[in-house]
Amino acid sequence: MAVDPTAEGVLTATGLSYLERCSHAPLRFVRRDRAQPALGEAFFEVPTIEGLARRVYRGFAARFREGCPRARGGRCAPRCSSSCARRVYTIAASDDEAMPEALHAFLVLGFDHGRGVLSLAAQDARIAQAEAFHTLAVNESEKARQFVRFSELSTGAFFSLYAPKANVLPLVAGHFARRMEGERFLLADPLHHVAVLFSEGRLVVGPLTSEEVAKLSRPHELSSVERSVRALWKRFYDALALPGRGRHERGYDLRAHFMPKRIADGLIELDPGTDEGFEARAWEDAVAAGAHAAGTGALADAAAEREKGASGLPGSALKFLEERARG
């Protein structure tokens, strides 16, 4: 079966194969964009049906709850909510072409064994692979929560460009919405062409076109407050840095081990291009001139503008960034 490389796509195909009473053994799930049948094979392209996908997932979550020590009265414990079943979405975040088949096996054996499917990794290579995809997505989600850096643009919106190794922005979107409640932000993944938009308490996750990715990757005009905050943050980071961790010093290897280069290159505090740039001088000049109160006022003015109400969520990510808050 050729399916969309998403959790909904695999859930739909799994549900359809069950409704059609297909034997699971001869079925092979592949990404729709990489389908290449072998000799004697024929692929059936399965459309994604949201309603059927939700129905299959609810049944899968209910099966996992059976025998769970934390479940009470057939319901999950608070802040748990079928956490094992959510592996469906962490597994689906993988970019590997084997993801659909591994997730399909996880679903089928999960319906058969319930929570016991987690112990089958040593016996079934597909389950072991699914667990590896899950671990990668969990690690990438944690890196996103730690290393995403938002910048306030001149329009009042916050923006960040972040490229994880798996499609995890939909998994961490709620985290940033809770942390930045009351703000207006766009978090874009140029690798997976996914954008997370948040405004007025409304969270939207949607696709990006290649043209939008190219334009979002270009430099954007920062707000005056953002330039000052960047300078302050860089000075704070440098003041706390341990000696011997510079790029050409011995301790750099340890630092790079915990902060991969693909992430470090996009961090504001490690950007060498602005170490002695306008931002640092602007902050120092403001303090030296006794204008710290004016800087505080600018922060208050920016907050007041946002409280007046931000514009809604347009269909285009570019329009979202370009539109200013109403006021």
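The values are calculated or read from the model by the stated rules, or taken from the named source; none is laboratory data. As the structure is a prediction and not an experimental result, all values here were calculated from the model. Neighbour counts run over all protein chains shown; Cβ positions are idealised from the backbone, glycine included.
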Of all the residues that make up segment 96-130, how many are in a helix (DSSP H, G or I), touching a Phe, Trp or Tyr at 6+ places or on another chain (Cβ under 8 Å), more than 19 Å from R21 (Cα to Cα) and not hydrophobic (A, V, I, L, M, F, W, C)?
-> 4
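Within segment 190-207, is there a residue that is assigned by TED's automatic domain parsing to the domain that holds T155, part of a helix (DSSP H, G or I) and at pLDDT 75 or above?
Looking through segment 190-207, none of the residues is assigned by TED's automatic domain parsing to the domain that holds T155, part of a helix (DSSP H, G or I) and at pLDDT 75 or above.
Let's see how each residue does on (1) in contact (Cβ under 8 Å) with a residue 40 or more places away in the chain; (2) within 23 Å of R324 (Cα to Cα); (3) among the hydrophobic types (A, V, I, L, M, F, W, C):
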site: F176; (1), (2), (3): no, yes, yes
site: A188; (1), (2), (3): yes, yes, yes
site: L191; (1), (2), (3): no, no, yes
site: E200; (1), (2), (3): yes, yes, no
site: A214; (1), (2), (3): no, yes, yes
